[in-house]
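Visitor: One structure is given below, represented as structure tokens, and several questions about it will come after.
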Amino acid sequence: MSAEAILADLIECGIEPSVTPDKTGIVVPAGRLTDDQRAAVLGHKPELIACILESARVTSELLEAAMRAAAHWNDNPEDWRQQCMEVPPHHRQDLLDHLQRQYPKP
């Protein structure tokens, strides 16, 4: 199983892992992982850390682009933020690419 598949599985189960501040560990809510999930996380830890960090980067950039779009349309930024966060993580890069083309940084 790839790190991307592991992350998708965790998110699908309602588990949003994060990375420790020193970027050497993975944080998940206590008692939420199954034995199989725990084994997968430990078996792919370095790749999973990189995947989580990349997902966080994409999400951050997506929210920035969404704020530019909200400002452009004079919309409620919180509505844009909420809609972006409803997009599954594996589709956020596509939405980011679209919003960056439509609403580039000044």
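Visitor: Which of the residues spanning segment 60-95 are among the aromatic types (Phe, Trp, Tyr) and either under 21 Å from Glu16 (Cα atoms) or in contact with a strand residue (DSSP E or B) (Cβ under 8 Å, 6 or more places away or on another chain) (or both)?
Guide: The one that is among the aromatic types (Phe, Trp, Tyr) and either under 21 Å from Glu16 (Cα atoms) or in contact with a strand residue (DSSP E or B) (Cβ under 8 Å, 6 or more places away or on another chain) (or both): Trp80.
Visitor: Taking Glu78, is it without any contact (Cβ under 8 Å) to a residue 60 or more places away in the chain and closer than 29 Å to Tyr103 by Cβ?
Guide: Judged against the criteria, Glu78 is a match.
Visitor: Is it the case, given these coordinates, that Glu78 is under 21 Å from Ser2 (Cα atoms) and charged (D, E, K, R)?
Guide: no
Visitor: For segment 23-56, name all the residues that are loosely packed, with under 12 Cβ neighbours inside 10 Å and either closer than 30 Å to Lys105 by Cβ or within 12 Å of the chain's Cα centre (by Cα) (or both).
Guide: Lys23
Visitor: Can you tell me which of His44, His90 is in contact (Cβ under 8 Å) with a residue 60 or more places away in the chain and either out of contact with any Lys or Arg (no Cβ under 8 Å at 6 or more places or on another chain) or acidic (Asp, Glu) (or both)?
Guide: His90
Values in this text are rule-based calculations from the coordinates and carry no lab data. As the structure is a computational prediction, the values presented were derived from the model and not from experiment. Because the Cβ atoms are built from the backbone with ideal geometry, glycine has one as well, and the counts that use them run over all protein chains shown.
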